[in-house]
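Input: a single structure, listed below in structure tokens.
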Amino acid sequence: MTDPRSYSNKKSNLVQAMEQRFLALAHATSDVVYSLSPDWEIMYELDGRGFLKNSDRPITGWKAINVFAGDLEIVNEAIAASIRNKKTFALEHRVNRADGTTGWTFSRAIPLIDANGEITEWIGTASDITSRKEAEIALQESKAKALEQKRIYETITSGTPDLMYVFDLNYNFIYANEALLRMWGKTAQDAIGKGLLENGYEQWHAEMHWGEIDTVVASAQPIRGEVTFPHATLGKRYYDYIFTPVFSPDGRVEAVAGTTRDVTEIRQTVTLLQQTSEKLKATNEKLAAANERLQAANEKLLAVNEELSTARNRIVDTEKAMRHAIEAAHLGTWSVEIGATDITADSRAKALFGFLPDEPLTLPQLLACVLEDYRSNVSDQIRLAIHDGKTLDVTYPASGFRDNTLRWLRAIGDFDRKREPGAKQFMTGILMDVTEQKNDELRKNDFIAMVSHELKTPLTSMKAFVQLAQRRLTGGGDQTAALAMDKAEHQVSKMSSMINGFLNLSILESGKIQLNLELFNLEKLIENIEKDTQATVFSHTILFAPVEQTIVHADEEKISHVIQNFISNAVKYSPRGSTIKVACINDETEARVSVSDSGIGIDSYDLPKVFDRYYRVEGSKLATVSGFGIGLYICKEIIIRHGGRIWAESDPGKGSKFSFTIPMPTT
């Protein structure tokens with residue numbers, strides 16, 4: 001039989017050995033090891049290992065010290081369940097770390113149960129999992145953000161009529177937007193992951209795209225092309241497409257993105273024009289009937305001119321009436337300190353931008369409300385007004401900050417020119433809602449564009465008939481008729497120029513004018529203009545001063561239009577046989593082009609207005625000079641959109657000088 005005292009000693013030794021192993025384990029691990037009373041109210045001595053606060057004696061209230069307040073409820077619920085079921089406690093929760101910050105722990109505690117099945121003590125460990133939890137949270141946030149970006153991207157691509165798609169390097173589609181799927185008559189499940197042939201492309205068509213994809217991958221450069229393709233419902237269509245490389249983070253081409261646009265209507269228009277041209281060739285033999293149509297067309301053009309003049313007068317009268325009605329209009333007032341961003345505005349001005357009466361207002365907030373296509377121009381107008389000390393007058397569409405209502409607004413502002421020296425400088429002005437007037441103006445522009453466009457075709461036919469008549473009459477010896485045809489051709493060319501001017505004005509005022517900015521040499525451009533004028537202008541002597549190489553970042557075609565307009569005006573408004581001078585210089589920050597003449601000059605009253613829309617200088621000497629006052633207005637808008645300046649200088653009776661500048665690139 002076993003001696004009881006011997007058994008008791010063995011049991012005591014066993015307990016001591018277990019305690020020694022427990023202490024050794026506690027020292028060997030980086031985790032915090034803790035022991036608790038059966039009801040978890042008392043925590044015995046605690047070595048926090050720099051993670052939790054140390055305790056050199058048993059304490060109560062340890063949960064308030066170590067457990068993050070926001071997690072106390074779930075910790076208490078887990079403790080109660082473990083005590084009730086006498087099961088292991090295991091929970092991830094937040095803790096108050098020893099350095100005062102919030103961390104994360106995985107806490108696991110095992111109950112020690114006596115022979116009667118009662119809990120005598122809890123032994124547990126607390127692992128610092130802060131880094132892992134923070135990484136998990138960051139990953140979840142990244143996934144959520146990625147899903148949101150994907151949702152936005154798919155919303156954008158599903159709303160465009162263009163065909164958008166992505167190929168992998170095995171020529172398979174890994175993305176196709178809704179427009180492309182509709183064209184195929186397929187769902188994404190049927191089309192994605194499949195190649196060109198599987199999605200209905202003919203063999204030659206697929207082979208062509210395979211080669212283009214290989215070229216994009218090899219060169220890492222986009223390519224462009226045009227192709228015909230059968231549409232599921234519309235039949236044969238013409239498409240213009242561009243393939244663009246998609247790069248991985250290490251710079252390799254990992255996919256090829258494509259965008260395709262339906263240009264069938266454009267091709268059909270070109271075909272229609274070609275057919276019309278062939279018909280015109282056949283009608284050239286019917287010269288007598290053509291002359292009658294020419295006369296009728298001239299009468300129609302005169303009637304259109306009268307209508308345009310009447311429309312212009314109505315516009316001028318409307319503008320005058322609007323100026324008289326300003327005092328009775330619902331205007332907003334605003335003021336801003338130069339160099340600051342805060343704006344002082346009344347409730348009407350704030351309401352026009354969709355803000356509440358008591359909300360603060362800043363310049364960046366207002367610019368953010370301006371529609372993106374107009375925002376850059378408004379910002380430039382403000383900058384130029386501040387830089388040049390001139391009156392600000394700008395019209396633009398804006399979307400209300402809170403109500404999202406689209407309004408056309410006109411802002412007019414000026415400086416306090418009588419302020420004391422050293423005092424703060426403010427720009428103060430008014431804001432008005434011109435939505436109704438702007439809509440009328442847009443409809444007017446659409447009408448002018450439509451009428452002008454419809455007149456171009458008969459005008460082209462007229463010019464062809466006149467030129468044919470010239471050739472036949474000149475060879476036939478009828479000099480009087482030939483001279484009449486010369487004058488007719490001159491009038492047709494003049495009318496064509498006017499119609500083109502109205503078309504340009506319509507594009508400009510509709511906000512659809514686009515600048516094709518590129519680097520080019522002004523020296524070369526002016527050299528080409530010199531050659532053109534030598535071949536076309538024989539009534540004046542035009543001298544071009546030598547030009548140094550002047551590289552600018554601008555729209556070459558539109559800058560050429562401005563220079564040629566200056567020269568054309570100089571020819572129209574100066575005596576035959578007089579000299580016109582063209583010069584271009586630069587100071588490394590901006591290039592300046594000027595055209596000088598020795599013509600009739602401009603009065604000081606008219607000089608500030610020559611760049612206004614529809615403005616024409618009146619006078620007996622100008623009665624025979626045609627025009628609608630839009631050429632210089634278009635020139636001004638082109639130069640302003642380049643960030644440049646345009647102005648005129650004149651000495652009445654001695655001549656005028658028109659100049660403009662555009663910035664030069666810094667590199």
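The values are calculated or read from the model by the stated rules, or taken from the named source; none is laboratory data. None of the values given here were measured: they were computed from a predicted structure. Ideal geometry is used to build each Cβ from the backbone, glycine not excepted, and the neighbour counts take in all protein chains shown.
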- Message: Among the residues that make up the range 333-342, is at least one of them out of contact with any strand residue (DSSP E or B) (no Cβ under 9 Å at 6 or more places or on another chain), farther than 17 Å from Glu436 by Cβ, in a loop (DSSP other than H, G, I, E, B) and modelled with pLDDT of 90 or more?
- Response: no
- Message: If I go through the range 187-221 residue by residue, how many of them are farther than 19 Å from Ala176 by Cα and either hydroxyl-bearing (Ser, Thr, Tyr) or touching a Ser or Thr at 6+ places or on another chain (Cβ under 6 Å) (or both)?
- Response: 2
- Item | Evaluation of Ala398 against (1) at pLDDT below 90; (2) within 26 Å of His642 (Cα to Cα) (one fails), failing number | (1)
- Does Thr228 meet the test of being out of contact with any Asp or Glu (no Cβ under 7 Å at 6 or more places or on another chain) and within 22 Å of Thr160 (Cβ to Cβ)? yes
- Of the conditions (1) closer than 30 Å to Trp647 by Cβ; (2) of a type in the set (Val, Ile, Thr); (3) touching a residue at least 40 places away in the same chain (Cβ under 8 Å), Thr391 clears all except one; give me its number. (3)
- Go through the range 237-259 and count every residue that is over 20 Å from Glu178 (Cβ atoms), free of Cβ contacts under 8 Å to residues at least 24 places away in the same chain and not polar (S, T, N, Q). 4
- Item | Any pair with Cβ under 7 angstrom, 6 or more apart, that starts in the range 203-231 at a residue that is closer than 17 Å to Ala255 by Cβ and ends at one that is assigned to a helix (DSSP H, G or I) and of a type in the set (Phe, Trp, Tyr) | none
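Here is a yes/no grid of residues against (1) more than 39 Å from the chain's Cα centre (by Cα); (2) in a strand (DSSP E or B):
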position: Gly195; (1), (2): no, no
position: His205; (1), (2): no, no
position: Asp214; (1), (2): no, no
position: Thr244; (1), (2): no, yes
position: Arg267; (1), (2): no, no
position: Leu272; (1), (2): no, no
position: Lys300; (1), (2): yes, no
position: Ala303; (1), (2): yes, no
